[in-house]
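Below you'll find the structure, written out as structure tokens, and then a few comments.
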Amino acid sequence: MPTQTKGVRSGKKNSGESLLTREFEHSETLRIVSVVAILAIAILILVGLFAPGLRYSLVTPPAVVVDSPAFLNELEPLVGSKITPNNQIEVLENGENFYQAELDAMRTARRSINIEAYIFHKGTVTDEVLDVLTDRARAGVRVNLVMDSLGSLSTRKKYFKKLKGAGGHVEWYHRLRLHNWFITNNRTHREITIVDGSVAFVGGAGYADWWRFATKGEPRWRDTMVRVQGDAVRGIQGAFIENWLESSGEILEGPDYFPLLNRDPGNATALVVCSTPSSSMGSTRARVLFQTLIATAQKSIYITTPYFLPDRSMQDELVRARKRGVTIRVVVPGKHSDHALTRSSGRSAYGDLLKAGALIYEYEASMIHAKVTVIDGIWSVVGSTNLDNRSFGINDEINLAVLNSPVAGRLTRDFEEDVSQSRRVTLDEWNKRSILERMLEWVGWIFERQQ
């Protein structure tokens, strides 16, 4: 009997397949519709992956100095951010410093801990973080953790069992689902930790061992975070709540997340620039921020970035800055880069900048992952944004733009230390790069929109 039933089922299946095959063979209309549908899907995918980004240019570059009230008056609406004058900003260099500061803050939490991370990778660092989060959740602190489902793909749900059992909440940003596959390419690249709504950490580092310990023969990564207290924390909290809502459906509010703050903890002026791509995956506030600051610089532009893929508009803006006498120095990864193809692609952009007189250095001590820009020794930008197409047109990002000479001075000293551990790339060396390097640059150019 079982054999007979199996045969009947198999016959029905084959009959259905034969009917479909016959219809396809005999219906020219069906074949045409199928081909058109396949081509349409392929075109949609190609356009989404490889469409060129927007061209950016300031119609009239600001004719004011970067620390003037007039410039602030222009910058605030351009980047859609409120200027907050009362902030205390502390620069934290490298994992041994910023992880300790973050953990210390979490241990003192009484109301809430919110973390948004592109990378939350299972290991020694996250084991300690989860122990603290679990302890605080048991004590009644509201603990909310959202991770990017691609950036933290290797971290499984069961890793958070104890935290959830203690009352903590864990969500994943843009998991691949049928209803959202058109926006799956949009990731949250933000790295944010906020404690009690009164202290926040922003920068380039997620939570993983490679920011703290040497791994697989590679030195620990070089990175920078900033600790923020003051009015700017509210903007950082708002950025977290935006993506928490998108991931969980919950709007977080109340004094646990927005307490009344001390109005004078410091004298640094800051703007929290939250960046989310437009529906066309084009314009973002982060891109406007960088374009405007570079276009206004009069003395110096110091850039540290792990992924240097400036689009044509950014390259042109940097060249214009050099022509008006602005010193431009850029630190990028060297041999320890974690993305060889991205590094090769980025080297193709060196030419015009080197010809204009910019100085480019490749960091040799370890993988450099800091995302820091210092303008005229006054403005500093620290955050999650790389100088590449993904950060400027696809990912959700966050940057803290700070108008404060002491903060810029500290970041400049760190920049000089990084330069001392870097190798300068000359125009002559760049012109003599091998055929293999040029081929890798060309391959990288094909996929540049997605790097």
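Against the definition (over 26 Å from PHE201 (Cβ atoms) and either in a helix (DSSP H, G or I) or aliphatic (A, V, I, L, M) (or both)), how does GLY346 come out, yes or no? Step through it out loud before you land on a result.
Numbers: over 26 Å from PHE201 (Cβ atoms): yes; either in a helix (DSSP H, G or I) or aliphatic (A, V, I, L, M) (or both): yes.
Answer is yes for this residue.
For (1) over 25 Å from the mean Cα position of the chain (by Cα); (2) without any contact (Cβ under 8 Å) to a residue 24 or more places away in the chain, each residue gets a yes or a no:
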| residue | (1), (2) |
| --- | --- |
| SER68 | yes, yes |
| GLU90 | no, no |
| GLU96 | no, no |
| ARG107 | yes, no |
| ASN144 | no, no |
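Does ARG263 fit the bill of being at pLDDT below 95, open to solvent by 20 Å² or more (accessible area, probe 1.4 Å) and over 15 Å from GLY80 (Cα atoms)?
Values: at pLDDT below 95: yes; open to solvent by 20 Å² or more (accessible area, probe 1.4 Å): yes; over 15 Å from GLY80 (Cα atoms): yes.
Spelling it out, ARG263 is indeed at pLDDT below 95, open to solvent by 20 Å² or more (accessible area, probe 1.4 Å) and over 15 Å from GLY80 (Cα atoms).
Give LEU153, LEU176 a once-over and let me know the one that is among the aliphatic types (A, V, I, L, M), open to solvent by 10 Å² or more (accessible area, probe 1.4 Å), part of a loop (DSSP other than H, G, I, E, B) and within 26 Å of MET367 (Cβ to Cβ).
On inspection, the qualifying residue turns out to be LEU153.
Give me the residue from the stretch 228-257 that is aliphatic (A, V, I, L, M) and in a loop (DSSP other than H, G, I, E, B) and, out of that set, nearest to ARG142 (Cα to Cα).
So in the stretch 228-257, the residues aliphatic (A, V, I, L, M) come out as 228, 232-233, 236, 239, 241, 245, 251-252.
With in a loop (DSSP other than H, G, I, E, B) added as a condition, the list becomes 251-252.
Numbers: ILE251: 13, LEU252: 10 Å.
Out of the qualifying residues, it is LEU252.
If a residue must be open to solvent by 30 Å² or more (accessible area, probe 1.4 Å), out of contact with any strand residue (DSSP E or B) (no Cβ under 9 Å at 6 or more places or on another chain) and polar (S, T, N, Q), how many such residues does the stretch 65-109 contain?
1
Which pairs have Cβ atoms under 8 Å, sit 6 or more apart or on different chains, and link a residue in the stretch 234-260 that is free of Cβ contacts under 8 Å to residues at least 12 places away in the same chain to one that is among the charged types (D, E, K, R)?
Listed pairs, sorted by first residue: none to list.
Based on what the data block shows, is SER348 touching a Phe, Trp or Tyr at 6+ places or on another chain (Cβ under 7 Å), hydroxyl-bearing (Ser, Thr, Tyr) and either at pLDDT below 95 or buried (at least 24 other Cβ atoms within 10 Å of the Cβ) (or both)? Quick ask: steps written out before the conclusion?
Details: touching a Phe, Trp or Tyr at 6+ places or on another chain (Cβ under 7 Å): yes; hydroxyl-bearing (Ser, Thr, Tyr): yes; either at pLDDT below 95 or buried (at least 24 other Cβ atoms within 10 Å of the Cβ) (or both): yes.
Yes, satisfied.
Name the one entry in THR284, THR327, THR342 that is among the polar types (S, T, N, Q) and either open to solvent by less than 10 Å² (accessible area, probe 1.4 Å) or over 23 Å from ASP418 (Cα atoms) (or both). Step through it out loud before you land on a result.
Working: THR327 fails: either open to solvent by less than 10 Å² (accessible area, probe 1.4 Å) or over 23 Å from ASP418 (Cα atoms) (or both); THR342 fails: either open to solvent by less than 10 Å² (accessible area, probe 1.4 Å) or over 23 Å from ASP418 (Cα atoms) (or both).
Answer to the selection: THR284.
Give me the pairs: first residue in the stretch 419-433 and surrounded by 15 or more Cβ atoms within 10 Å (Cβ to Cβ), second residue among the hydrophobic types (A, V, I, L, M, F, W, C) and part of a loop (DSSP other than H, G, I, E, B), beta-carbon distance under 7 Å, and six or more apart or on different chains, which are they?
Between residues of the stretch 419-433 that are surrounded by 15 or more Cβ atoms within 10 Å (Cβ to Cβ) and residues that are among the hydrophobic types (A, V, I, L, M, F, W, C) and part of a loop (DSSP other than H, G, I, E, B), the close pairs are GLN421/ALA365.
Please list, ordered by first then second residue, the pairs with beta carbon atoms under 7 Å, 6 or more apart or interchain, first in the stretch 191-208 and under 24 Å from PRO306 (Cβ atoms), second open to solvent by 10 Å² or more (accessible area, probe 1.4 Å) and of a type in the set (Val, Ile, Thr).
GLY206/ILE119; TYR207/ILE119; TYR207/VAL125; ALA208/ILE119; ALA208/VAL125
If LYS335 meets every condition in (1) without any contact (Cβ under 8 Å) to a residue 60 or more places away in the chain; (2) under 26 Å from ASN404 (Cα atoms) apart from one, which number is that one?
(2)
Test each condition in (1) in contact (Cβ under 8 Å) with a residue 60 or more places away in the chain; (2) surrounded by 22 or more Cβ atoms within 10 Å (Cβ to Cβ); (3) within 30 Å of THR193 (Cα to Cα); (4) not hydrophobic (A, V, I, L, M, F, W, C) for SER380 and report the one that comes out false.
So SER380 meets the others, but not (1).
Examine the stretch 391-399 for a residue that is at negative phi, buried (at least 20 other Cβ atoms within 10 Å of the Cβ) and hydroxyl-bearing (Ser, Thr, Tyr), and state whether such a residue exists.
The answer is yes; a qualifying residue exists.
Within the stretch 357-375, does at least one residue satisfy the condition of being open to solvent by 30 Å² or more (accessible area, probe 1.4 Å) and closer than 12 Å to ILE303 by Cα?
Checked against the condition, which is being open to solvent by 30 Å² or more (accessible area, probe 1.4 Å) and closer than 12 Å to ILE303 by Cα, the stretch 357-375 yields at least one hit.
Please count how many residues of the stretch 110-139 are farther than 16 Å from ASP209 by Cα and open to solvent by 60 Å² or more (accessible area, probe 1.4 Å).
5
Of the numbered conditions (1) modelled with pLDDT under 95; (2) closer than 26 Å to GLN298 by Cβ, ASN399 fails exactly one; give the number of that condition.
Evaluating ASN399 over (1) modelled with pLDDT under 95; (2) closer than 26 Å to GLN298 by Cβ leaves (1) as the failure.
The values are calculated or read from the model by the stated rules, or taken from the named source; none is laboratory data. Being a predicted model, the structure only gives us computed values, none of them experimental. Neighbour counts run over all protein chains shown; Cβ positions are idealised from the backbone, glycine included. Note: areas computed on protein heavy atoms with side chains; ligands, DNA, RNA excluded. Shrake-Rupley method; radii C 1.70, N 1.55, O 1.52, S 1.80 Å.
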